[in-house]
Structures are given as C-alpha cells and as structure tokens.
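The values are calculated or read from the model by the stated rules, or taken from the named source; none is laboratory data. No experiment lies behind these values; they were computed from the predicted model shown. Positions of Cβ are backbone-derived with ideal geometry, glycine not excepted, and every protein chain shown enters the neighbour counts. SASA here: full protein model, heavy atoms, side chains in, ligands and nucleic acids out. Shrake-Rupley method; radii C 1.70, N 1.55, O 1.52, S 1.80 Å.
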Amino acid sequence: MAALLGRFCRRSSFPVCGHGFRMLSTIENVSENGKSMNLYSAINQALHIALETDPRSYVFGEDVGFGGVFRCTTGLADRFGKSRVFNTPLCEQGIVGFGIGLAAMGNRVIAEIQFADYIFPAFDQIVNEAAKFRYRSGNQFNCGGLTIRAPYGAVGHGGHYHSQSPEAFFCHVPGIKVVIPRSPREAKGLLLSSIRDPNPVVFFEPKWLYRQAVEDVPEDDYMIPLSEAEVIREGSDITLVGWGAQLTIMEQACLDAENEGISCELIDLKTLIPWDKEIVETSVRKTGRLLISHEAPVTGGFGAEISATIVERCFLRLEAPVSRVCGLDTPFPLVFEPFYMPTKNKILDAIKSTVNY
C-alpha cells in the first residue's frame, strides 16, 4: 500500500528535457527575446506550442473552434485542423469525461470550461474519475495528460454566475493539481508545465487580467515548475501570500504600507495543490506575521489551509494572529462587487493592524 500511495500522484520530472523545451526555476531565467503581449495572448501562444510540439495533443470546449469568448484559442483550428481543435456541446460533464478518456489513451488533452462558474457539472468527473484514475488502477492506468482550463474570478460586471473563484473545492482532492498564474509570462510557462505534467491539472486563469496584464513574454518554448512559490517582493515585517489577479492588488497595498514604514514580503503561491509550504514557512519565521488574501469567500477558502499549516509549523515564531482578507460569505454580487472584493485598502488596514498587534 505504501508503494501504491507513493506512485499515486507523480511529480513532474522536466528539469532538463529532451524534447526541446526548458524548465525554469525562476522567471528571471527566461530568454529576454520577448514580445509585449497580454495574458490571453500568452495563453494562446502556449496552446500553439503545445499543439505544435506534441501531435497527440488536442484542444476542445465550448466555442473554442472560433477562438472562444476570450479569444484564447484564436487561430488554433485554422493551423492544426478541426480534428485537433474543435467545439463541443454545452455539457461540462461531457467535456471533462471525454477528456479523461482521451487522456487515458496516452494523449495530451486541454479541455476548456468557458467560465469557472460552470465547472460544477463536471465536478464528479474531475473529483471521482480524473483524480482517482491512477490510484484505483494501482498505477496501471492514468489520465495524467489532462489539463482543464477555466477563467475564474471577478471581471467588474460578471455578477454571481461569471465571477466566482472555486479553487478551494478542488484543493480538497488528492490526485489533481491546481495552478493559477498572475501574469502573461507566468501564464505561458505554467500552462505548458501543466499540459506536460504527468498528473491531471485544473488551470484557473484570472480573466480580469486577460487584457489588462501586459508584459514582455519570451516567444520560445519554456516551462515554469509547478509547486514552487516565488517571493516577488522581499520584506521584514509581515508576509503576504496570494495568487492570480489578487497579487496585483496586494502589491499595491505593499507599496502603500512601505510609505508608512512597514516592510512587506509578498509571495505568489502559483500552485495551490501541492503548495510550497517551505517557502512560506521560511518567510513567516523571518517576519513573524502572515496575511493571506484571495477573492473566494473567507470561510473554507484555501487561505484557511495556509493559515492552519503555518500556525502548526511556526506557532512559537508568530508575533500576531494570522490575518485573512478575502471575499465575503455571500453569493458574488453585481452592483455591490466593490464592497465584496478584498481591495487594496482592506489589505492595507489588515497589514497595519497585524503589524501593530
């Protein structure tokens, strides 16, 4: 049984790859021969590379044949053909179920759920089939080639059916990985790593940033390791942990806190399951304080897991209770979205109260 559990969720093994692509330990190592692009264009470029480098790869979902509602799959069907890039019926359970079967036959599958809010009809397929496929067969079979893409989070006008952040639901499930990028460069490298990882991955894309986030992105083929968090801002007074679009808000709060004499260390978790406990623990042992922020409701959000883990590991080093600045325990509102969101001012107030505890 121990051997079986050890094989249940295999780690990715691409530090030096023989397929012409590179694994990078930090984004700074990426070639500077980049092109300025936004997040959806970086996703599109990653999908082009995935299809081009592996003839066994497929992209499908609702409306992906003509580019999708966010244009992330633009040009794929024209270049690679409608047998590899195609539309599906409006049936999320069917999309993921078909993807599991295709991946189980040794293919690379990139299945798109049009909005993360509509991933719930596929919940059973993800949780009871994809996540358990390797375990239930004693590692004889797997659907590790499956990657499920889904735009998540606030968009400014989406209301309760186009704004949710459901990542915590899937972080409770052994056998899958959950990845959320913060920027175009990160999105491209993390998506290629997810596609090539030997485990099923749920890849949530912050749709707020599809067009707002713009930076230079290398045009070559590169990957960023999963389960490796990154310190994107060093500090000494308090540690802040987040992921996805929330990192932009948290960084603004860090700058305002700096003006008031508070030094903040900011960590991008990137991969929520399995998450990088060590880098967060090291930071909290240095600062003595921790603040976690995410858009999802505070109760049962993944911030609670981070908080519990750090309290267990760093209890005697903590100078103050762990603070969480998250969405409210309500359905995601429409006109009241500004009150629901974990804003810069909310985070700044929590930083000051935690440091002055």
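If the requirement is being open to solvent by 10 Å² or more (accessible area, probe 1.4 Å) and part of a strand (DSSP E or B), which of these qualifies: ILE232, ILE249? Result of the check over ILE232, ILE249: ILE232. Checked against (1) over 14 Å from the mean Cα position of the chain (by Cα); (2) surrounded by fewer than 23 Cβ atoms within 10 Å (Cβ to Cβ), ALA122 passes all but condition (2). Checking each residue in the range 258-282 for being part of a helix (DSSP H, G or I), in contact with a helix residue (DSSP H, G or I) (Cβ under 7 Å, 6 or more places away or on another chain) and either closer than 12 Å to LEU240 by Cβ or of a type in the set (A, V, I, L, M, F, W, C) (or both) picks out only VAL280.
Hey, can you tell me all the residues within the range 132-167 that are hydrophobic (A, V, I, L, M, F, W, C) and at pLDDT 95 or above? Matches in the range 132-167: PHE133, PHE141, CYS143, LEU146, ILE148, ALA150, ALA154. Being under 17 Å from ALA187 (Cα atoms) and open to solvent by 40 Å² or more (accessible area, probe 1.4 Å): is that true of GLU219 here? So GLU219 fits the description; yes. Candidates in the range 153-169 are the residues that are among the hydrophobic types (A, V, I, L, M, F, W, C) and open to solvent by 10 Å² or more (accessible area, probe 1.4 Å); of these, the one that is nearest to the chain's Cα centre (by Cα) is ALA168.
For the range 72-83, the set of residues classified as within 20 Å of TYR40 (Cβ to Cβ) and open to solvent by less than 40 Å² (accessible area, probe 1.4 Å) consists of CYS72, THR73, GLY75, LEU76, ALA77, PHE80, listed by residue number. Here is a check on your reading of the model: is GLY6 at pLDDT below 95, in a loop (DSSP other than H, G, I, E, B), surrounded by fewer than 19 Cβ atoms within 10 Å (Cβ to Cβ) and not hydrophobic (A, V, I, L, M, F, W, C)? No. No other residue among GLY67, GLY61 is over 18 Å from GLU186 (Cα atoms) and without any contact (Cβ under 8 Å) to a residue 40 or more places away in the chain apart from GLY67. Take the conditions (1) over 10 Å from the mean Cα position of the chain (by Cα); (2) touching a residue at least 40 places away in the same chain (Cβ under 8 Å); (3) open to solvent by 10 Å² or more (accessible area, probe 1.4 Å); HIS172 misses just one of them, which is (2).
Listed by position, the strands (runs of 3 or more DSSP E) enclosed by the range 167-229 that each have at least 3 residues that are closer than 18 Å to ASP268 by Cα are 177-179, 201-206. Any chance the range 294-307 includes a residue that's crowded, with 23+ Cβ neighbours inside 10 Å and touching a Gly at 6+ places or on another chain (Cβ under 7 Å)? Checking the range 294-307: at least one residue is crowded, with 23+ Cβ neighbours inside 10 Å and touching a Gly at 6+ places or on another chain (Cβ under 7 Å).
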